[in-house]
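The structure appears below as structure tokens.
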Amino acid sequence: MKRSFFDPLCVAVSSTQSLSLTNAGNLDHNLTVQGSDLSIDLAPGEEEETSEVGEFLQARTHRFFCRFHQDEGMVGTIVVE
């Protein structure tokens with residue numbers, strides 16, 4: 001997470017992997033995966049790691065966004081294999 005964008009915009013992971021999130025920007029950010037219960041808020045400089053992706057996401061392509069900056073284009077996709 002950076003100023004008002006995700007880097008990278010597309011992530012491919014296996015269902016046994018976790019996601020490592022870092023807010024490298026100077027604003028509060030969020031990672032919300034559409035159609036799931038995953039929603040994580042991170043203050044500037046914070047880091048968080050999720051449990052295995054397969055515990056909360058099915059194998060397919062999912063859209064994710066920052067609920068604070070979605071209107072500014074802070075969106076991406078995650079492909080769970």
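Annotations
- Within the range 68-81, being surrounded by 14 or more Cβ atoms within 10 Å (Cβ to Cβ) and under 13 Å from SER4 (Cβ atoms) holds for PHE68, HIS69, GLN70, MET74, VAL75, GLY76.
- Those residues of the range 5-39 which are over 15 Å from ARG67 (Cα atoms), surrounded by fewer than 12 Cβ atoms within 10 Å (Cβ to Cβ) and either of a type outside the set (Ser, Thr, Tyr) or touching a His at 6+ places or on another chain (Cβ under 9 Å) (or both), in sequence order: ASP7, PRO8, CYS10, ASN26
- A search for C-beta distances below 9 Å between a residue of the range 48-62 that is more than 12 Å from SER14 (Cα to Cα) and any residue that is of a type in the set (Phe, Trp, Tyr) and surrounded by 11 or more Cβ atoms within 10 Å (Cβ to Cβ), counting only pairs 6+ apart in sequence or on different chains, returns THR50/PHE56.
- Checklist (1) touching a Ser or Thr at 6+ places or on another chain (Cβ under 7 Å); (2) of a type in the set (D, E, K, R); (3) outside any strand (DSSP E or B) applied to ASP37, failing item: (1)
- Among the conditions (1) part of a strand (DSSP E or B); (2) surrounded by 15 or more Cβ atoms within 10 Å (Cβ to Cβ), ARG63 misses just one, which is (2).
- In the range 40-55, the qualifying residues are those that are of a type outside the set (Asp, Glu) and surrounded by 14 or more Cβ atoms within 10 Å (Cβ to Cβ), and the one that is nearest to the chain's Cα centre (by Cα) is ILE40.
Values quoted throughout were computed directly from the atomic coordinates according to the rules given, and no laboratory measurement underlies them. Values in this document were obtained by computation on a predicted structure and should not be read as measured data. Because the Cβ atoms are built from the backbone with ideal geometry, glycine has one as well, and the counts that use them run over all protein chains shown.
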